[in-house]
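Just below is one structure, and these are the notes that go with it.
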Amino acid sequence: MSSNDPLLKPEVEFHNAQELLRHGWPQLQTRQRSAWTYNVDLIFLVGAPRSGTTWLQAMLACHPAIYTGPEMWFFATFGAAEREFLRPKDRRVSLSEYLSKNDFYQIMAGLFWLSVSALPAPSVTPSYFLEKTTRHCFYANFILSTFTNAQFIHIIREARAVVASMLRASRGCGENWAPERTIDAARK
């Protein structure tokens, strides 16, 4: 896969479906789903930022049966599309007039696996794909509608420790995203 592929660059975050389609669609049109993705079980690792999800991901990634990649933000990116698709309409307009719920979630599953297929092929065929995006805890219903057999690991860290970690991060590696004030960190 080309290093110019925007879906491989962890610094590129797609905050909505329009951004993903505008910047990532040319690569997705020609991409094939990787063979290794057909026989893996999905595990979603979720929790508050600075709760230890990255640490646990790194530990689990050492096991040859588990393959993982950078945070995808997939369901956070397409959450608005799902909300709009499911929103009751007062007249017959919208994508829900063209697709059944099953069709919609199959399309989401296909797009998810095409995105995962941007990763380099694992050296050993894994049994599990671990997707770690902390905010995906807010999209559990969307995930389970898309992948009915998905499993979750939800890390819960004592809240004061999370806030202290966020404040430390704001003065270093997280200066672009971590809150600088205690009240703001507590709200995250």
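The values are calculated or read from the model by the stated rules, or taken from the named source; none is laboratory data. Computed from a predicted model, the values in this text were never measured in an experiment. Reconstructed Cβ throughout: ideal geometry from the backbone, glycine too, with neighbour counts over all protein chains shown.
Of the numbered conditions (1) in the same structural domain as residue 51 (by TED's automatic domain parsing); (2) over 27 Å from residue 64 (Cβ atoms), residue 143 satisfies every one except a single condition; which is it?
Of everything listed in (1) in the same structural domain as residue 51 (by TED's automatic domain parsing); (2) over 27 Å from residue 64 (Cβ atoms), residue 143 misses just condition (2).
Can you tell me which residues in segment 27-51 are part of a loop (DSSP other than H, G, I, E, B) and under 15 Å from residue 70 (Cα atoms)?
Once the filter is applied, which keeps residues that are part of a loop (DSSP other than H, G, I, E, B) and under 15 Å from residue 70 (Cα atoms), segment 27-51 yields only 49.
What helices (runs of 4 or more DSSP H) completely inside segment 56-146 contain at least 3 residues that are surrounded by 13 or more Cβ atoms within 10 Å (Cβ to Cβ) and touching a Ser or Thr at 6+ places or on another chain (Cβ under 6 Å)?
Working: elements: 74-86, 101-116, 140-146.
Ranges flagged: 101-116.
Would you pick out the residues in segment 152-176 that are at pLDDT 75 or above and closer than 19 Å to residue 137 by Cα?
Result: 152, 153, 154, 155, 156, 157, 158.
In this structure, is residue 153 of a type in the set (A, V, I, L, M) and farther than 24 Å from residue 53 by Cα? Give the steps one after another, and end with the answer.
On the way: of a type in the set (A, V, I, L, M): yes; farther than 24 Å from residue 53 by Cα: no.
No; evaluated as a whole, the condition is false for this residue.
Can you name the residue in segment 162-171 that is without any contact (Cβ under 8 Å) to a residue 24 or more places away in the chain and either under 17 Å from residue 51 (Cα atoms) or in contact with a strand residue (DSSP E or B) (Cβ under 6 Å, 6 or more places away or on another chain) (or both) and, of all such residues, is surrounded by the most Cβ atoms within 10 Å (Cβ to Cβ)?
Residue satisfying both the conditions and the ranking: 163.
Considering every residue within segment 165-176, establish whether at least one is in the same structural domain as residue 42 (by TED's automatic domain parsing), in contact with a Ser or Thr (Cβ under 7 Å, 6 or more places away or on another chain) and assigned to a helix (DSSP H, G or I).
no
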